[in-house]
Amino acid sequence: MALATLVNVRPWGAEPVDIVMSGAAIEAVVPAGRASVGGERIDGGGLLALPGFINAHAHVDKSWWGQPWVPYGGEATTQGRIAHERATRDGLGIPNAASATAVLREFLRHGTTAVRSHVDVDLGVGLRGIETVREAVDSLGGAIEVEIVAFPQDGVVRRPGVLDLLDRAASAGATSIGGIDPASVDRDPVAQLDGLFAVAERRDVGLDIHLHDGGELGAFQFELIIDRTRRSGLHGRVTISHGFALGELPAERRQDLLDGCAETGIAWTTVAPPRTAPLPWLGMRERGIPLGLGTDGIRDLWSPYGDGDLLRVALGFARLHGLRTDEDLVHAVELASTRAAGFVHRAVHDLVAGARADIVLVDAENTQDALVRAPRRQLVISGGRVVVRDGELRV
């Protein structure tokens, strides 16, 4: 097993240490100069060290990163975006392995070493998107780990046959299946949720549901998901993505929903988009509700924005939620790293012995400084292997 030592780095801005790596894992963390360096010696130059970032909500199958610019079009609603994507994607060659590889490489360049990606599964594309993403991951030789959520972007029960596709995806190795706006897309929330929970329980996979609906319509669906999780065997294995309505509700209503999520182990992911209501992140933290950050789509048929930098997403979260104290700014970075471990099925993700050796070095005074400036990633190590040096990819 290859041995390497990263010397003289400051984990989370603390005193300098040496990090001994054995294979893909961190074997030991000792004060700087105390390690018995064997194998490769990597000089950290006293830089700030953070764990590799975890992108808890991505769509790597649909990006055209690195391809010619495509104008934004279609009706600016969820249904409009779905229809426009379905009408346009084939002409753009979506999905394809080259574009998926390009966006994964951009994730790596910015220090993301693990991804939870929704991948479209529908009657048009079948399971081809999943095969494409796996091909892209394989082409990078283990430099980045990607968990797949089989995602029914075009609806579930309104498209007969989609539940069967989700079942096939789950049996073929997808770690979760997805859902989308059971009320406004399928217009039959009970039927969608019954179908999704049945597949997830039968195949022993997680469930991750996009919820864009706002206000009371969104709250109604939260209640249905909480109730269905309570009655299922999926405690701790259900995630709500986006869930914009949670920040729009009166405080008392919101507290009841948070209590229900905490009781059933429901997690949450957000991309912290501008002009949305802030989430009650403090209440979530107090109740131990897992919260992860993601990039969502990047330069795709839903949005022309995004660059793959999860540190900038954490900064967007901090700004949207009015974070200013040192403790809160560090928390935003934790949401993009250590606190997101569960979204990619890791028991621990930090700069500690036993964790996977995913390490990001930046030239920053402390974690807070790294957040607000989002400096270049000087070095990125993924699974004990240097994949980025001086901001440039080595894979």
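The values are calculated or read from the model by the stated rules, or taken from the named source; none is laboratory data. Note that this is a predicted model, so its numbers are computed, not measured. So basically every Cβ, Gly included, is an ideal-geometry build from the backbone, and we count neighbours across all protein chains shown.
Worth pointing out:
- When restricted to residues that are hydrophobic (A, V, I, L, M, F, W, C), surrounded by fewer than 18 Cβ atoms within 10 Å (Cβ to Cβ) and not in a strand (DSSP E or B), the range 1-23 contains 3.
- Being more than 13 Å from residue 53 (Cβ to Cβ) and assigned by TED's automatic domain parsing to the domain that holds residue 279 is a description that applies to residue 323.
- Contact map, the range 342-359: residues that are at positive phi paired with residues that are of a type in the set (A, V, I, L, M, F, W, C), Cβ distance under 9 Å, separation 6+ or inter-chain. Pairs shown: 354/25; 354/26; 354/347; 354/348.
- Residue identified as of a type in the set (S, T, N, Q) and touching a residue at least 60 places away in the same chain (Cβ under 8 Å) among 99, 63, 139: 63
- The strands (runs of 3 or more DSSP E) located wholly in the range 91-203 that include 2 or more residues which are of a type in the set (S, T, N, Q) occupy 112-120.
- Filtering the range 45-60 to residues that are in a loop (DSSP other than H, G, I, E, B), hydrophobic (A, V, I, L, M, F, W, C) and either free of Cβ contacts under 8 Å to residues at least 40 places away in the same chain or buried (at least 24 other Cβ atoms within 10 Å of the Cβ) (or both) leaves only 60.
- Whenever a residue of the range 370-390 is in the same structural domain as residue 21 (by TED's automatic domain parsing) and of a type in the set (Val, Ile, Thr), its partners that are modelled with pLDDT of 95 or more and in a helix (DSSP H, G or I), lying with C-beta atoms within less than 7 angstrom and at least six residues away or across chains, give the pairs 372/315; 380/108; 387/108; 388/108; 388/109.
- Test: residue in the range 164-184 that is at pLDDT below 95, touching a helix residue (DSSP H, G or I) at 6+ places or on another chain (Cβ under 7 Å) and assigned by TED's automatic domain parsing to the domain that holds residue 60: no
- Out of 310, 301, sole residue that is modelled with pLDDT of 95 or more and either of a type outside the set (Val, Ile, Thr) or not assigned by TED's automatic domain parsing to the domain that holds residue 87 (or both): 310
- In the range 61-90, the qualifying residues are those that are among the acidic types (Asp, Glu) and either part of a loop (DSSP other than H, G, I, E, B) or touching a Pro at 6+ places or on another chain (Cβ under 7 Å) (or both), and the one that is surrounded by the fewest Cβ atoms within 10 Å (Cβ to Cβ) is 75.
- Residue 188 at pLDDT 95 or above and out of contact with any helix residue (DSSP H, G or I) (no Cβ under 6 Å at 6 or more places or on another chain): yes
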